[in-house]
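Q: Take this structure, written in structure tokens, and hold onto it; I'll ask about it next.
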Amino acid sequence: MSEADIPDDLREAARPGAGEVTATVIVNAPAENVFAALLAWERQSDWIPFTKVRVVEGDGGEGSLIEAVTTLGPAVLRDEMRVVRVDAPYEIGVVHCGKLLRGPGVLRCTPLANGRSQVVWHEWFHVPGGPAGRVAWPVLWPGSKFSLTQALRRFARQVEQGRLP
């Protein structure tokens, strides 16, 4: 699905927001295996702490609606995302389209020498809270990057151990 193909109801959410976060990991596995593990949406619950992921609509491919619910004590964060692009085995594009989390994201898988792959997870969230949210973002960002990096490291270990996909 190209940008021109993004449905009207997702266009605003698909614009990159000011809350940018990126994490990268090298996985000792071929890109095809790594990509298949990335597309195993419901298995994200195995490597993203406190989070349950499910496919709400579709088969997990383009057009599918994915829901990730993170629960930490009494706090619950619901993340809804529409899969807007699947370019196997290289890239998955999503648009976070929930009430709180909005903005585009991409998971990129790049084949490397010796059967290894690089995974880059990049998000451009719309920062809620107007000017106050934009002021708070630099304080929150390091925690977001750390959490995302730790999750990707867990992902890499599970792929390398053959536990994913």
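Rule-based calculations on the coordinates, nothing more; no lab input. Not measured: the values here are computed from a predicted model. Cβ placement follows ideal geometry from the backbone for every residue including glycine, while neighbour counts extend to all protein chains displayed.
Q: Place a +1 charge on the Cβ of each Lys and Arg in the chain and a -1 charge on the Cβ of each Asp and Glu, then give the dipole magnitude about the Cα centre in debye, rounded to the nearest 20.
A: Details: 18 positive and 19 negative charges, 147 e Å.
Magnitude of the dipole: close to 700 debye.
Q: Between GLY105, GLY58, GLY19, find the one with the highest GNM mean-square fluctuation for the chain; connect C-alpha pairs within less than 10 Å.
A: Between GLY105, GLY58, GLY19, it is GLY58 that shows the largest mean-square fluctuation.
Q: So which trypsin sites (Lys or Arg not before Pro) in the stretch 77-111 are both in a DSSP loop and have at most 10 other Cβ atoms within 10 Å of their Cβ?
A: Values: sites: ARG78, ARG82, ARG85, LYS99, ARG102, ARG108; in loops: LYS99.
For trypsin sites (Lys or Arg not before Pro) across the stretch 77-111 that sit outside H, G, I, E and B with at most 10 neighbouring Cβ atoms in 10 Å, the list reads LYS99.
Q: Can you list the HN-Hα couplings for the stretch 54-59, worked out from phi with the Karplus curve (6.51, -1.76, 1.60; θ = phi - 60°), rounded to whole Hz and with x for Gly and Pro?
A: Here the 3J(HN,Hα) series is 8, 8, 8, 9, x, 10 Hz.
Q: Can you list residues whose amide H is under 5 Å from VAL127's amide H, if they're 5+ apart or on another chain and H is modeled 1.01 Å from N?
A: ALA18, GLY19
Q: Counting only C-alpha contacts under 8 Å and six or more residues apart, can you give the relative contact order of the chain as a whole percent?
A: Working: 344 pairs, mean separation 50.5, N = 165.
31 percent.
Q: Moving on to the next point. Would you kindly derive the ³J(HN,Hα) couplings of the stretch 102-118 from the backbone phi angles with the Karplus curve 6.51 cos²θ - 1.76 cosθ + 1.60 (θ = phi - 60°), listing them in order in whole Hz, with x for Gly and Pro?
A: 9, x, x, x, 8, 10, 10, 10, 10, x, 10, 5, 6, x, 9, 9, 9
Q: Roughly how many debye, to the nearest 20, is the charge dipole of the stretch 2-76 about its Cα centre, given +1 on each Lys and Arg Cβ, -1 on each Asp and Glu Cβ, and no other charges?
A: Values: 5 positive and 13 negative charges, 85 e Å.
For this selection, approximately 400 debye.
Q: Now for a different question. Could you give me the radius of gyration and the Dmax of the stretch 47-99, taking only the C-alpha atoms into account and expressing both in angstrom?
A: 12.1, 38
Q: Using θ = phi - 60° and the Karplus form 6.51 cos²θ - 1.76 cosθ + 1.60, what ³J(HN,Hα) does each residue of the stretch 15-25 get, whole Hz, x for Gly and Pro?
A: Values, residue by residue: 6, x, x, 7, x, 9, 9, 9, 9, 9, 8 Hz.
Q: Given the C-alpha atoms of the chain, compute the convex hull and give its volume per residue in Å³.
A: Numbers: hull volume 18.5 nm³, N = 165.
Spread over its residues, the Cα hull of the chain gives 112 Å³ apiece.
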